[in-house]
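Structure first, commentary second.
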Amino acid sequence: KGGAPLVLSTWDFGLQANAHAWKIISSGGSSLDAIESGINYVENDPNERSVGLGGRPDREGRVSLDACIMDERSGIGSVANLEHIKNPISVARRVMEHTPHTMLVGEGALEFAFSQGFIKEDLLTEQSAREWADWKQTSKYVPKVNIENHDTIGMIALDTKGNLSGGCSTSGMAYKMKGRVGDSPIIGAGLYVDNSIGAATATGHGEEIMRTVGSFLVVELMRQGYTPEQACKEAIRRIEENFRREKRSITDTQIGFIAISKAGHYGAYSLQTGFTYAVKSDKEEILRTAPHALK
Ligand code: SD4
């Protein structure tokens, strides 16, 4: 059995996402149901520009979504490069529960979603289309540190039975190449849950997170006795090390990790300042700013 129930989510919208998840957790529901509900809330909001409906498109103006989910039995489901469906986290859950596979991409993921009753929608909002048109004037691909490019919802939760689950959903980096998939649908990179140890999820520059299998690393470090914050900090340090070794500028990169231990402790760490995450428990409902590496 784990600690008291707890929900953690990335970024400012995490507060409201947590509130949706908490309704389920506080009435004795499963962390898995809580995760899906909390993430659906953000996916459905057209004003959140890096997730689901309203997400920023790729270079060709397509909104393509990535998501994954993991439960207390180490069940996993994932979709990548999924267009036209605003709730990829729910499709990912269906992949986990209703297919012999763990990951579906592109057209196959879309056909599966239709077979499960999901509806085709146009996810490109007018505002996202307008900004994309402006971007095309210069077509410079420069990932920005600040949140306009980093609004992935990653959520991890511990329920009243002591079970951990997590989920992650994103439209990925704005103006990415067609077909680009980031860390968010990749189990181990964007998300990892081990029900005997803890859970972690990541946001930020996916290519860097994938190179270090960041979320898996955080959970493995907790297994070795690191606190959630220490584990997130070490995962960030590994990423920094890659930049240093390769003599690349790190100033335009942001990465953040959040983590929960089985005992109900939590922590976070980011590369740059400004990474916020939301916490909900019996005792607190709060938006925190993660400690960061670069001063
Ligand atoms: C990606 N990690 O596709 C995602 C982007 C992100 O907040 O987290 N944005 O690389």
Quiz prompt | When residues of the stretch 257-274 are limited to those that are over 18 Å from the mean Cα position of the chain (by Cα) and of a type outside the set (A, V, I, L, M), the one modelled with the lowest pLDDT | solution = THR273
Exercise. For the stretch 51-87, name all the residues that are over 15 Å from SER128 (Cα atoms) and of a type in the set (A, V, I, L, M, F, W, C).
Key: ALA67, CYS68, ILE69, MET70, ILE76, VAL79, ALA80, LEU82, ILE85
Quiz item: Would it be correct to say that ASP183 is more than 10 Å from the ligand (Cβ to nearest atom) and either within 22 Å of TYR269 (Cβ to Cβ) or modelled with pLDDT under 95 (or both)?
Solution: no
Practice problem: Among the residues of the stretch 71-109, write down those that are within 16 Å of the ligand (Cβ to nearest atom), in a strand (DSSP E or B) and either within 22 Å of ILE156 (Cα to Cα) or free of Cβ contacts under 8 Å to residues at least 24 places away in the same chain (or both). | Solution: SER78, VAL79, ALA80, MET103
Practice problem: Note down all Cβ pairs under 6 Å where the first residue falls in the stretch 162-174 and is in a strand (DSSP E or B), the second is within 14 Å of the ligand (Cβ to nearest atom) and among the acidic types (Asp, Glu), and they're at least six residues apart or on different chains. | Solution: SER169/GLU43; THR170/ASP66
Practice problem: Report yes if some residue within the stretch 130-145 is under 16 Å from the mean Cα position of the chain (by Cα) and more than 19 Å from ASN81 (Cα to Cα); otherwise report no. | Solution: no
Self-check item: Any pair with Cβ under 6 angstrom, 6 or more apart, that starts in the stretch 34-52 at a residue that is within 10 Å of ALA21 (Cα to Cα) and in contact (Cβ under 8 Å) with a residue 12 or more places away in the chain and ends at one that is within 15 Å of the ligand (Cβ to nearest atom) and among the β-branched types (Val, Ile, Thr)
Solution: GLU36/ILE89; ILE39/ILE89; ILE39/ILE153
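The values are calculated or read from the model by the stated rules, or taken from the named source; none is laboratory data. In this text, all values refer to a predicted model and were calculated from it rather than measured experimentally. Backbone-built Cβ (ideal geometry, glycine too); neighbour counts: all protein chains shown.
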